[in-house]
Amino acid sequence: ELEMLSYSFSYSALADSLRQQRPAERPLLVCIDGCGASGKSTIARGLAAASEEIQVVHGDDFYRPAADRYVGPIAERPIGADFDLGRLRAEVLLPLRSGLLAAYHVYDWTRDCVLAQTIPVTKSIVIVEGVYSFSAAQSGFFDFSVWVECSRNVRLARGLERDGEAARSRW
């Protein structure tokens, strides 16, 4: 059963609440999803700043290189096709949920490739933030999920500020 909540919060109070929910045998896994430019990264950064026990894994680190992206008909395009959600599951979610160590490779947006070096996941609370992060294949891995809502006009303004006017057609 999904419970929808809408309220104001303090980052430190939410971080304290998450800390109290952490299982003893593995990190607490939290998902923050929502449309592009809705505020997911801002919320994740605020929580990480409120507690040294929180590590953020960005969904954008799992973007696919251009050569690996879907090129078929748009009507048949799978949801989240530009993101390697299988790699997110294999490198982060499955190991952490199993109580194992995890480390993941990062997509380099400048060079359009996945880097060989990895980032270790070492904290007791792990927030995965990004579009499609709570899609059906991942949803069972998370202890908590947050959906961020934001008006289309605000998201458009944020997207254009971040990505530039040349990205207007995408937004």
Put D61, D143 in order of accessible area, largest first, probe 1.4 Å, and you get D143, D61
Near the amide H of C31, under 5 Å away, which other amide H atoms are found, from residues 5 or more places off or on another chain, if H is placed in the peptide plane?
-> V128, F144, S145, V146
How large is the dipole of region 18-140 about the Cα centre if only Lys and Arg carry +1 and Asp and Glu carry -1, each at its Cβ, rounded to the nearest 20 debye?
-> 260
Roll a 1.4 angstrom probe over the protein heavy atoms and tell me the percent of accessible area of region 37-139 that is carbon or sulfur.
-> 57
Estimated [θ] at 222 nm from DSSP helical runs (n ≥ 4, -39500 (n - 2.57)) normalised by residues in the chain, nearest 500 | -7000 deg cm²/dmol
Could you give the semi-axes, largest first, of the ellipsoid that matches the chain, computed as the square roots of 5 times the alpha carbon gyration tensor eigenvalues and rounded to whole Å?
-> 26, 21, 15
In nm, what is the difference between 0.36 nm times the number of residues separating S17 and D112 and their Cα-Cα distance?
-> 30.4 nm
Find the accessible area per residue for the chain; the probe is 1.4 Å, ligands and nucleic acids are left out, and the unit is Å².
-> 59
Give a residue-ordered list of calculated ³J(HN,Hα) values for region 123-137 (Karplus: 6.51 cos²θ - 1.76 cosθ + 1.60, θ = phi - 60°; whole Hz; x for Gly, Pro).
-> 8, 7, 10, 10, 9, 9, 10, x, 4, 6, 5, 9, 5, 3, 5
For A102, list long-range residues whose amide hydrogen, built 1.01 Å from N in the peptide plane, is under 5 Å from its own amide hydrogen.
-> V121
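The values are calculated or read from the model by the stated rules, or taken from the named source; none is laboratory data. All values reported here derive from a predicted model rather than from experimental measurement. FYI the Cβ positions are ideal-geometry reconstructions off the backbone, even for glycines, and counts take in every protein chain you see. Side chains included, ligands, DNA and RNA excluded: accessible areas come from the protein's heavy atoms. Shrake-Rupley method; radii C 1.70, N 1.55, O 1.52, S 1.80 Å.
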